[in-house]
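Nothing in this text is a laboratory measurement; each read-out follows from the coordinates by a stated rule. Quick caveat: nothing in here was measured; it's all calculated off a predicted structure. In this analysis, Cβ positions are derived from the backbone assuming ideal geometry, glycine residues included, and neighbour counts consider all displayed protein chains.
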Amino acid sequence: MDPLTAELANVERALEQNLWALWMRFGRGAGCVLHNEPDALWFETPIPTLPYNAVLRHTSEYGVDRSIDRIFETYRVRGVPFVWLIHPSAAPADLAAKLRARGLVEVETVEGMWLDLSLLSPVPPPPAGIQIREVETDADREAFIDLVAWRWEVPGEFVPTLREISGSFGIGAPGSSIRGWIAWKDGLPVSKVLLNQAAGAAGIYAVATRPEARGQGLARRLTLAALDAARENGHQLAVLHATPMSVDLYAKLGFRSFAPFHVYAQPGNFHL
């Protein structure tokens, strides 16, 4: 294998496996189920809203219809919506057609992107009135989950469940592979980013800014802060999955597009 082919294979592996390593943690929380099978990876949680029930990986070439129907039936019996991610190495080749035949539609395409961290730009200082700091305390973790609940419109009665499940992530705990940063304004959390260090790469996730704090470059600053910490920790490769609206932001940071990841769900059940 020539060096370029090997590099691209490593990027694909990191884009997929870093994502799986993070999201499969939702299947390890209290009241959750993780299905880590040879040809499929999917999870269930008690939270009946998206994206908290999801199929992350499917690579089966044999008995495909039986495999897909079994997953659909599990979620149908529970009466919860779910998302199905089609990743670059997904199989079979006609998986998208099989999902559409069962009533799912493509609700979003996110762009898998990567960056050589030796090319990382410096972290600019925060704007006036904004404090950026890493998540380290229980209070910080609660503030982070509050932003997550706001971002995904988690019903209030399920926010305690989300907090309990998220405890398995260990955000900012000593020795944890998952770290987070929050931007604060007037003592309130207004923006966040999550760093997952897995599969030999630094993965960026959960970038979101509240409306009242947008337009100040907080997402850019938080992302650079997380990537700078990952580089200091010895990582050379960074990966992320950009929504269409954020591709230009990450391209300006030096990220390069690799491959799309397609998100399928029932019509009307998903929005970014």
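Things to note:
- For segment 189-232, a Kirkwood radius taken over Cα pairs fed into Stokes-Einstein (10 °C, viscosity 1.306 mPa s) yields D = 145 µm²/s.
- Length-normalised contact order of the chain in % [C-alpha pairs under 8 Å, at least 6 apart]: 27
- Neighbour counting of Cβ atoms within 10 Å sorts the residues Thr109, Thr5, fewest neighbours leading, into Thr5, Thr109.
- Ranked for footprinting exposure by Cβ neighbours inside 10 Å, fewest first, Val33, Val107, Val77 give Val77, Val33, Val107.
- Loop exposure criterion: GluC sites (Glu not before Pro), DSSP state outside H, G, I, E and B, at most 12 other Cβ atoms within 10 Å. Applied to the chain, the longest stretch between such sites is 154-272.
- Contact order normalised by residue count of segment 3-109, Cα under 8 Å, 6+ apart, percent: 20
- Enclosed volume per residue, in Å³, of the convex hull spanned by Cα atoms of segment 3-109: 109
- One quarter of the surface of the convex hull around the alpha-carbon atoms of segment 116-260 equals 9.1 nm², the direction-averaged projected area.
- Computed from point charges on the beta carbon alone (+1 for Lys and Arg, -1 for Asp and Glu), the dipole magnitude for the chain about its Cα centre is near 320 Debye.
- Residues Arg214, Arg163, Arg179 arranged by fewest to most Cβ contacts within 10 Å: Arg214, Arg163, Arg179
- Taking the C-alpha atoms of segment 187-272, convex hull volume expressed per residue in Å³: 135
- Segment 116-260: relative contact order in percent, alpha carbon pairs under 8 Å with at least 6 residues between: 27
- Dmax and Rg, reported as Rg then Dmax, of the chain (C-alpha, Å): 18.5, 58
- For Val207, residues with placed amide H under 5 Å, excluding near neighbours: Leu194
- As computed over segment 61-163, the Cα convex hull volume per residue (Å³): 203
- Spin-label model, Ser176/Glu61: points 7 Å from Cα along the beta carbon direction are separated by 4.0 nm.
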